[in-house]
Amino acid sequence: MRYILVGGFNTVFGYGLFALLTWSFRGLGSFSYMYAAVLSNFIAISVAFLGYKWFVFRTRGNYLVEYVRCFGVYGSSALIGLAGLPILVPILRHTLHKPELAPYIAGAILTVVTVLFSFVGHKSFSFRQKLIEKDLVSRSDAPSA
């Protein structure tokens, strides 16, 4: 249930930010949605990390280590979206009655795909308790300077 609530917020926040930035960057050329996608992904990943750490998985592991893992999972998802946008947007521009809506619709479609991919990655890698415990043990075993 916590994953659904935080994931729902992250999805709305991330897509809303993408839509706002796409609209803001619309004068930068026909691929301006790509600038919006890169920037919104970076910001949304950072916000999502805190939501998952504090409210969903409630881990006590190292913030930097978990952030890097989280960014790896979300970064992989982001790559799917970044690869899919330049494929879907031109197709939608040619098929829609309002071609200016193509980046928004493509972003929404790809959001569904990345949500599923992200859940599996976070559950099995970013916030996997055994990995976190292993990191804590290895740091406690390291000789102090």
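Throughout, read-outs are computed from the coordinates displayed, never taken from laboratory work. Bear in mind the structure is a predicted one, so any value in this text is a computation, not a measurement. Backbone-built Cβ (ideal geometry, glycine too); neighbour counts: all protein chains shown.
Worth a mention:
- Our coupling estimate for the range 11-18, obtained by passing each phi through the Karplus curve with A = 6.51, B = -1.76, C = 1.60 and θ = phi - 60°, is 5, 5, 4, x, 5, x, 5, 4 Hz, Gly and Pro reported as x.
- Ranking of MET1, MET34 by count of other Cβ atoms within 10 Å, fewest first: MET1, MET34
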